1. Two decimals, Cα atoms only, Kirkwood Rh: what is Rg/Rh over the range 68-150?
2. At 1.4 Å probe radius, can you tell me the per residue accessible area of the chain in Å²?
3. Please compute the length gained on full extension between D179 and V97, using 0.36 nm multiplied by the number of residues separating them and subtracting their Cα-Cα distance.
4. If you fit an axis through the alpha-carbon atoms of helix 329-338 and take the longest principal axis of the Cα set of the chain, what angle between them do you get, 0 to 90°, nearest 10?
5. Which angle between 0 and 90 degrees, to the nearest 10, do you get for helix 216-239 versus the longest principal axis of the chain when only C-alpha atoms count?
6. Classify the range 1-126: rounded, prolate or oblate, from the alpha-carbon gyration tensor (a ≥ b ≥ c, eigenvalue square roots; a/c under 1.5 rounded; otherwise prolate if a/b is larger than b/c)?
7. Which whole-angstrom value gives the distance between the alpha carbon centres of the range 168-225 and the range 1-30?
8. Using all Cα-Cα distances in the range 142-251, what percent lands in each 10 angstrom bin from 0 up to the longest?
Amino acid sequence: MKKFIETIKNIFKIEELRKRILFTLSLILVYRFGSFVVIPGINPVALNDLQSQVDGNGLLGLLNIFSGGAFSNASIFALGIMPYISASIVIQLLGIVVPYFQKLQKEGESGRRKINQWTRYLTILVLVFQIPAYLANLQKTLPSYAFVMGSSSLFYFSSTVLLIAGTMFVMWLGEKITDKGIGNGVSLIIMVGIIARLPHALLAEFNTRFTESTGGFVMLVVELALLFLVFAATIALVQAVRKIPVQYAKRIVGNKQYGGVRQYIPLKINAAGVMPIIFAQALMFIPALFSSSAIGTAFSNYAGFWYNFTFALLVVAFTYFYTAITVNPNMMAEDMKRNGGFIPGVKPGKKTVEYLDTIMTRITLPGSIFLAIVAILPAFAMKLGINNQFALFYGGTSLLILVGVILDTLQQIESYLLLRHYDGLMKTGRIKGRNA
C-alpha cells in the first residue's frame, strides 16, 4: 500500500503526465455528463419502457454498455462511438483493395489525416442509416406522451442533427484524448461506458439472486469467482508472447562477424489486441437494424447459436486481418539485416521473412480461437441463468476491452515513470501492453 501511494505521488510529480491525466479525466467527465442529456422533445420521465427493453435484450444491452447508458437514456450520445468504429472497419478494408487508400496509408502523417477525414465522412453516412432505426425504435417502445413535440417532421429532423452532432463530438473527444491525454481516446471512451454500467449490472444480479430462489449468496460468490478466473485468463491472453532469438554481431569486418549478443523479438500471441472483437461486434450490430426480417431475428438473439457462431468466425478472421496490418515481417527482417542480426539457422532476407510470417500464422491461430471463445462466453453465462446485464461482463467484448485498454494505459503511464527514473507501477517488472 505504501509503494502504491508513493507511485501515485510520483505520477503527479511529472508535470506533463499530470496535465495529460487531468486533461483525459476532464474530457471523460464531459462525455459522462453528455450521456444524460436527453434528446429535446422527449420526456425523460417516460424512459422506463426503453430501459426495460434494453435490460431484457442482450444485443441492445451490449450497445447500451458501449454508450455508457446513453442508449437507454435517449441521450444525444445514444449511438456512442460505434458508428465511427464501423466506418474505420470499412476504411481499413478499402486500404487492402483500393489503390488510392493504399497510397494514403504509405504517405505518413499527411496520409493519416486524409484517412481520418474520409472516416469522418463515412461515419456521417453510417449515422444516416442508423438514426432512423433508433428513432423508429423509440417511437415503437415509448408511450405517446413521451414525445412532447409529437411525431412531427421537426422532431425527426432536429433529433437526426443532434444525434449526428453527438456522435461526432464523442469522436472528437476521443481524438483529443489520444493527442493530448493519456491512452487511446476511442478505446478509453468505450471502456468508461462499460465501467459505468458495471454497478447497474451487479445490482441487477444481486436482485436476481436474493429475490428469486436461485442460490442466493453462495451462487453469487461462485459467479464472482468465475468472473475473476475469466478476467485472469484474459490478461494472460493479452500478455502472452513467443520470443524469437536473434543473434547480433558486435562488429563486422568485411563479410565476417566477430563476437555477438543474443536478443529476442517478442511476438504477441494476440498481436491485434482487442480490435478484432470491436470490429466484429460492430458488424454484428448491423443485422439488428433489420429485426423484422428472418435473418435479423436470428442475429438479434444474443444468446443464439447463429449469432455466436458468426461472431466467433468474425473474431478469428479479424484477428488475422489486424495482425497482418500491425505486424510487418518484411520490416522486421530488414531491420535485423541492417543492424547485423539474424535468426540462428535461418538465412537473412527472404527466408527470414518467410520464417517470421510462418511463426505469426501459427501463434495467431490459437490466440484467435481463444479470443473467439472469450468473446462468446456471455452467451454461456446467460444459459446458466446469470442475469443478462451481468452476463455481458463474463468475457465478450466488454471484458476484453477493459483488460486491453487498462493495460495499454498503464503501460503509457509506466513509460513516463521509467523515463524520469521512477519505479514502475509493478514491483516485479514492467507491465506488458499489446506493444511489448
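1. 1.17
2. Dividing the accessible area of the chain by its residue count gives 50 Å².
3. Length gained between D179 and V97: 26.6 nm.
4. So the inclination is approximately 30 degrees.
5. 40 degrees
6. Details: a/c = 2.28, a/b = 1.04, b/c = 2.19.
Oblate is the answer for the range 1-126, as a/c is 1.5 or above yet b/c matches or exceeds a/b.
7. 22 Å
8. 10, 18, 22, 24, 18, 5, 3, 1, 0
The values are calculated or read from the model by the stated rules, or taken from the named source; none is laboratory data. This structure is a prediction, so every number in the text was calculated from the model and none was measured. Accessible surface is based on the protein model in full, side chains and every heavy atom, while ligands, DNA and RNA are left aside. Shrake-Rupley method; radii C 1.70, N 1.55, O 1.52, S 1.80 Å.
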